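S.K.: Let me begin by handing over the structure; questions about it come next.
The values are calculated or read from the model by the stated rules, or taken from the named source; none is laboratory data. Everything numeric in this text was worked out from a predicted model, so none of it was measured. Here Cβ is always computed from backbone atoms with ideal geometry, including for glycine, and neighbour counts include all displayed protein chains. Please note that ligands, DNA and RNA were not included when accessible areas were found on the heavy atoms of the full protein model with its side chains. Shrake-Rupley method; radii C 1.70, N 1.55, O 1.52, S 1.80 Å.
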Amino acid sequence: MNERIKEYNDKMQKTLDHLESEFASVRAGRANPHVLDKVKVDYYGTPTPIQQVGNLSVPEPRIIVIQPWEKSLLKEIEKAIQMSDIGINPTNDGSVIRLVFPELTEERRKELVKDVKKKGENDKVAIRNIRRDGNDAFKKLAKSDDISEDEIKQLEDELQKITDQFVKKIDELVDSKSKEILTV
């Protein structure tokens, strides 16, 4: 792959990775430990991800159990989950914290699918903006006369192919997440 193209390919890959992490935190009807990825616990004055202060498990399809490595962290974990925007109240039994995910209503599922599609559209726009930046950079190269018009055209075509691939991947991600959300 051409060095000039590689830079834009890397930027597009970062956009796709960002979308995947966004989708991981969208909760479908099942319990998914990734909904807690952005929740930070105050661990001796340091905001620390929940995964680093305890063991997360999914014993049943709609329950996440958090078993902290130190019992003193139970209250902190509970507080961090309540402060987050995941919308689930934790249950603390003195040794573990349970998160019970309610069944999603049909209306809520449709809202989540709409949100997923919107995030996908936003990232497709970001991919196209990266392509535009690349094409602008190639046109500036053409003006400096150290590269032929044919080479510019070739770079633009290659960048367009990469853009199409990433847009297709985003569509596939959106479709698969939408199916996951709508599956009861």
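S.K.: Roughly how many debye, to the nearest 20, is the charge dipole of the chain about its Cα centre, given +1 on each Lys and Arg Cβ, -1 on each Asp and Glu Cβ, and no other charges?
M.R.: Approximately 560 debye in magnitude.
S.K.: Run through the range 89-184 and list the GluC sites (Glu not before Pro) located in a DSSP loop whose Cβ has at most 12 other Cβ atoms within 10 Å.
M.R.: Glu103
S.K.: Here is the link list: Lys118/Lys169; Lys11/Lys110; Lys139/Lys168. Which ones come out longer than 23 Å on Cα distance?
M.R.: Those over the limit are Lys11/Lys110; Lys139/Lys168.
S.K.: Taking the Cα centre of the range 81-175 as the origin and placing charges on Cβ (Lys, Arg +1; Asp, Glu -1), which of Ile147, Leu159, Phe101 is farthest toward the positive end of the dipole?
M.R.: Phe101
S.K.: A follow-up question, please. For n ≥ 4 DSSP H runs only, could you compute -39500 (n - 2.57) per run for the chain, divide by its residues and tell me the 222 nm figure to the nearest 500?
M.R.: Mean residue ellipticity at 222 nm (helix-derived): -20000 deg cm²/dmol.
S.K.: Would you mind working out the accessible area per residue for the chain, using a 1.4 Å probe, and quoting it in Å²?
M.R.: 60 Å²
S.K.: Using only the Cα atoms of the range 25-85, what are the Rg and Dmax in Å?
M.R.: Taking only Cα atoms of the range 25-85, I get Rg and Dmax of 11.3, 34 Å.
S.K.: Hey, which aspartates and glutamates would be in cross-link range of Lys79, C-alpha to C-alpha under 19 Å, not counting anything within fewer than 8 residues on its own chain?
M.R.: Qualifying aspartates and glutamates at Cα under 19 Å: Asp37, Asp42, Glu70, Asp93.
S.K.: About the Cα centre of the range 131-172, what is the dipole size in debye to 20, counting +1 per Lys and Arg Cβ and -1 per Asp and Glu Cβ, all else neutral?
M.R.: Approximately 200 debye in magnitude.
S.K.: Mind pulling the per residue volume of the convex hull built on the Cα atoms of the range 108-184? Å³ is fine.
M.R.: 51 Å³
S.K.: Okay, next question. What are the principal axis extents of the Cα atoms in the chain, in Å, biggest first?
M.R.: Taking the Cα atoms of the chain, the three principal extents are 72, 41, 22 Å.
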